[in-house]
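Nothing in this text is a laboratory measurement; each read-out follows from the coordinates by a stated rule. From a predicted model like this one, the values you see are computed outputs, not experimental measurements. Glycine gets a Cβ as well: all are built from the backbone with ideal geometry, and neighbour counts include every protein chain shown.
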Amino acid sequence: MRTDFTLSQLADPDIAAANGILRACVHCGFCTATCPTYVLTGDERDGPRGRIWLIKDMLEAEGRAPEEAPKVVDPAVAYHVDRCLSCLSCMTTCPSGVDYGRLVDIARQRIEAHHPRSWADRTFRRLLARILPDPTLLRPLLVLGWLVRPLARILPGRLGALGRMVPAHLPDRAGHLTPGVHQAVGRPARLRVALIPGCVQQVLGAGTNAAIVRLLTRLGAEVVIPPAATCCGALPRHMGDDARARALAAPTLDALVAAGPLDAVVIAASGCGASVKDWDHLFAADPERAASARRFARFARDVTEVVAELGLGPVASDAVPAGLTVAYHDSCSLSHGQKITSGPRALLTAAGFTVRNPAEGHLCCGSAGTYNMLQPELAASLQARKAANLKATGASLVAAGNLGCITQIAGALDLPVVHTAELLDWATGGPRPAGIV
């Protein structure tokens, strides 16, 4: 694709990166077939190819505008980029290696800085960026949300979507992890890993974190829970607020540095894992942290990667009912973002489960970080489509590697939806996951 940036624009590292990405695109359109929003709407501007053109025009327009003129983003560009899930399915399909994920991140930063959103939209986004990464705020608001949950069906738009996302049963804090070191069980440690407990994960997925610690220590890893290692910055980054993302992720990065020698950084939620693996971009302009960010981006591992390295070990013969069928959901951040697809399935099979693959496994469930809160109509359509495909497998339960997906799917499916690590923990001697009878 031809581009027309000025020399002064190309001095900007983001514009230079965007230029290379745009020039790699041959406009073939293969990406449209696997783009969830294009599949739903059929609008070229709701597919990667159309968005690439919109982003190109937006960035080039910056160079044509007089220097004294205020930078204003075309509302149509903001509208269609906002509707992108950042699921990265297009990158799996693209034959030219176009780094669409990096391009849309650059576009979102520009839109966040220069698009005059309505007061209601700005306020809603700021509240999400403030509340979701802070467990001390999220917990009490979740209780409040549970109290008004029965009214969710009559609440309009985003408010209704938020109400419907509150789980029917509030999670207890039994699995909450305090900072410290968890020693390998019964043997010298083979790996020393840090676990990032996460922000929303601590509130809605504390049981998953506890299962990961049990599983990894049972398999021979020493697990460190560093103090202050909470947020990776993913949620505000979904909304183009990289400054807020860096501010939230910096204490986590610093805590990992202070934790001492590590063989890996383990993340339970694959959305957070994909974010940490991209820390080299997030902290590129931070001279104090750039080198550490690059190092830990390389050290970041999904929990299933670490389990595969350690080896699953003996499976408790009487733990899992024979032939228990599991529909495996590929979270986009794991399959498209981190290119991890076969490993979790192989581990579940080795643990004694019969794994079934749903139709349209490449399509997003509609969670996508903050997407189901900001774009509730499109997210609900994808949620219903995903739930129908999972139910059609005839499986007894659903496994997934991302908290956002688990919450999204559970809201539309009458089957247990659990984290892959909880099933592996159960099969190797841990407790039966909540919700499985």
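From the square roots a ≥ b ≥ c of the eigenvalues of the alpha-carbon gyration tensor of the chain, which class results: rounded (a/c under 1.5), prolate (a/b over b/c), or oblate? Present the calculation step by step, with values, prior to reporting the outcome.
Details: a/c = 1.64, a/b = 1.43, b/c = 1.15.
Prolate is the answer for the chain, as a/c is 1.5 or above and a/b outweighs b/c.
Just from its helices, what would the mean residue ellipticity at 222 nm be for the chain, if runs of 4 or more DSSP H residues each count -39500 (n - 2.57) and the sum is divided by every residue, rounded to the nearest 500 deg cm²/dmol? Can you show the working numbers first?
Details: 23 runs with 217 residues, N = 437.
Mean residue ellipticity, 222 nm, calculated: -14500 deg cm²/dmol.
Report the full-extension gain for the segment residue 61 to residue 176: residue separation times 0.36 nm, less the Cα-Cα distance, to one decimal in nm. Could you put the intermediate results ahead of the total?
Values: separation 115, 0.36 × 115 = 41.40 nm, distance 4.94 nm.
The residue 61-residue 176 span can extend by a further 36.5 nm.
Using DSSP to call loops (not H, G, I, E or B), can you name the trypsin sites (Lys or Arg not before Pro) in segment 320-363 whose Cβ has at most 12 other Cβ atoms within 10 angstrom?
339
On a straight-distance basis, which lysines could pair with residue 339 in a cross-link, Cα separation under 17 angstrom, same-chain partners fewer than 8 positions away excluded?
Cα-Cα hits under 17 Å: 277.
What does the charge count near residue 429 come to, summing +1 for each Lys or Arg and -1 for each Asp or Glu among other residues with Cβ under 12 Å from its Cβ? Working shown, then result.
Working: positive: 214, 218, 432; negative: 318, 425.
Taking every other residue near residue 429 into account, the sum is +1.
Please work out whether segment 180-308 counts as rounded, prolate or oblate from its C-alpha gyration tensor, where a ≥ b ≥ c are the square roots of the eigenvalues and a/c under 1.5 means rounded, while otherwise a/b larger than b/c means prolate and anything else oblate? Walk me through the numbers on the way to the answer.
Values: a/c = 2.14, a/b = 1.58, b/c = 1.35.
Prolate shape, in that a/c is at least 1.5 and a/b is the bigger ratio.
Enumerate the amide H contacts of residue 356 below 5 Å, restricted to partners 5 or more residues apart or on another chain; note that Pro and chain-start residues carry no placed amide H.
Residues meeting the criterion, in which the H sits 1.01 Å from N, are 326, 327, 328.
Given Cα pairs under 8 Å that are at least 6 residues apart, what percent is the relative contact order of segment 315-427?
Numbers: 177 pairs, mean separation 37.1, N = 113.
It comes to 33 percent, rounded to a whole number.
Take every Cα pair under 8 Å in the chain that's 6+ residues apart, average their separations, divide by the length, and report that relative contact order as a whole percent.
Values: 743 pairs, mean separation 61.9, N = 437.
Here the relative contact order equals 14 percent.
Give the shape of segment 119-165 as rounded, prolate or oblate, defined through the alpha-carbon gyration tensor: a ≥ b ≥ c are the square roots of its eigenvalues, a/c under 1.5 means rounded, and otherwise the shape is prolate if a/b is larger than b/c and oblate if not.
Details: a/c = 2.95, a/b = 1.14, b/c = 2.59.
Because a/c hits 1.5 or more and a/b fails to exceed b/c, segment 119-165 counts as oblate.
Short version: ³J(HN,Hα) in whole Hz for each residue of segment 78-89, in order, from phi by Karplus 6.51 cos²θ - 1.76 cosθ + 1.60 (θ = phi - 60°), x for Gly and Pro, what are they?
Result, rounded to whole Hz: 4, 4, 7, 5, 4, 7, 7, 7, 6, 6, 6, 4.
Tell me the Rg and the Dmax, in Å, that the Cα atoms of segment 7-114 produce.
Rg and Dmax of segment 7-114, Cα atoms, are 13.6, 42 Å.
In whole Hz, with x marking every Gly and Pro, tabulate ³J(HN,Hα) for segment 102-113 from phi via Karplus 6.51 cos²θ - 1.76 cosθ + 1.60, θ = phi - 60°.
5, 5, 6, 4, 4, 4, 5, 4, 5, 5, 4, 7
Defining a contact as two alpha carbons under 8 Å apart and six or more residues distant in sequence, what relative contact order in percent does segment 7-114 show?
For segment 7-114, the relative contact order is 34 percent.
What does the extension gain come out to for residue 146 and residue 23, with contour length at 0.36 nm per residue minus their alpha carbon separation? Can you show the working numbers first?
Numbers: separation 123, 0.36 × 123 = 44.28 nm, distance 4.88 nm.
Extra length from residue 146 to residue 23 when fully extended: 39.4 nm.
Counting other C-beta atoms within 10 Å, which of 267, 225 has the fewest, and how do the rest follow? Each step should come with its number before you reach the end.
Numbers: 267 29, 225 19.
The fewest-first ordering by Cβ neighbours comes to 225, 267.
For residue 56, give me every one of the aspartates and glutamates with a C-alpha distance below 17 angstrom, ignoring sequence neighbours fewer than eight places off in its own chain.
4, 12, 14, 44, 46, 74, 82, 99, 105, 112
Taking a label point 7 Å from the Cα of residue 190 along the Cα→Cβ vector, which residues of segment 284-325 have an amide N closer than 18 Å to it?
301-316
For the chain, with only Lys/Arg (+1) and Asp/Glu (-1) charged at the beta-carbon, what is the dipole magnitude about the Cα centre, in debye rounded to 20? Spell out each step's value before the answer.
Details: 44 positive and 38 negative charges, 151 e Å.
The calculation lands at about 720 debye.
Each residue of segment 388-402 in turn: what ³J(HN,Hα) in whole Hz from Karplus with 6.51, -1.76, 1.60 and θ = phi - 60°, glycine and Pro shown as x?
Using θ = phi - 60°, the values come out as 5, 5, 5, 5, 5, 6, x, 6, 7, 7, 10, 10, 8, x, 9 Hz.
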